[in-house]
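Bear in mind these aren't lab numbers, they're just calculated from the coordinates by the rules spelled out. In this text the structure is predicted, and so the values were computed from the model without any measurement. Cβ atoms come from the backbone with ideal geometry, glycine included; neighbour counts cover every protein chain shown.
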Amino acid sequence: MAARFKMKRKGVGQMLRMPGMRAEMLRRAEVIKSVAVAISPVYEKGSTAGQYKASWETASTARGGRNRDRAVAYVRNTSYYARWVEYGTEKVPAHHVLLRAAQVGGANG
């Protein structure tokens, strides 16, 4: 006789918010952050030398996602010019640091 399973939405929701799930999401975000720091370009000119590389941070919450019903973690760069490094401008090519870090870190996570 085959085993039977009945999923309960409330139980799945509790599992997605549990501290262990949040810790795992934060661990994966830290892996991505470490790759991003390693591959970040460092501009040697002016007062912002090394600011981009030093501005990576992670955060997590148990109430994330579209419906605020699951543990999530975020990786972001707080420097004001991070979007231009990631996506490029007319004069500067895109570096896609976060994209590449997520691809590498996600595979190693």
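So which lysines can Lys45 reach, going by Cα to Cα under 18 Å and dropping same-chain residues fewer than 8 places off?
Those lysines meeting the cut-off are Lys53, Lys91.
Using DSSP to call loops (not H, G, I, E or B), can you name the chymotrypsin sites (Phe, Trp or Tyr not before Pro) in region 43-79 whose Cβ has at most 15 other Cβ atoms within 10 angstrom?
Hits after loop and neighbour filter: Tyr43.
What trypsin sites (Lys or Arg not before Pro) in region 1-56 are in a loop by DSSP, with at most 12 other Cβ atoms within 10 Å of the Cβ?
Hits after loop and neighbour filter: Arg4, Lys6, Lys8, Lys45.
If Lys and Arg each add +1 and Asp and Glu each add -1, what is the summed charge of the other residues whose beta carbon sits under 13 Å from the beta carbon of Arg63?
After counting each charged neighbour, the total is +4.
Measuring from the lowest to the highest alpha carbon on each principal axis, how far does the chain reach, largest first, in angstroms?
The principal-axis extents, from largest down, are 69, 26, 23 Å.
Would you tally the net charge around Arg22, using a Cβ to Cβ cut-off of less than 15 Å, leaving Arg22 out, and scoring K and R as +1, D and E as -1?
+3
Which distance in nm do the two modelled labels at Lys8 and Tyr80 give, with both placed 7 Å along the Cα-to-Cβ direction?
5.3
Apply the membrane-span-like helix rule to the chain: whole DSSP H runs, Cα extent along the own long axis of at least 24 Å, mean Kyte-Doolittle hydropathy at least -1.0. List the helices found.
Span-like helices in the chain: 19-39.
If you keep only loop residues by DSSP, which trypsin sites (Lys or Arg not before Pro) in region 63-109 have at most 10 other Cβ atoms within 10 Å of their Cβ?
Sparse-neighbourhood loop trypsin sites (Lys or Arg not before Pro): Arg66, Lys91.
Which distance in nm do the two modelled labels at Val92 and Met18 give, with both placed 7 Å along the Cα-to-Cβ direction?
4.4
Considering only C-alpha atoms, what is the centroid distance from region 29-46 to region 55-85, in Å?
16
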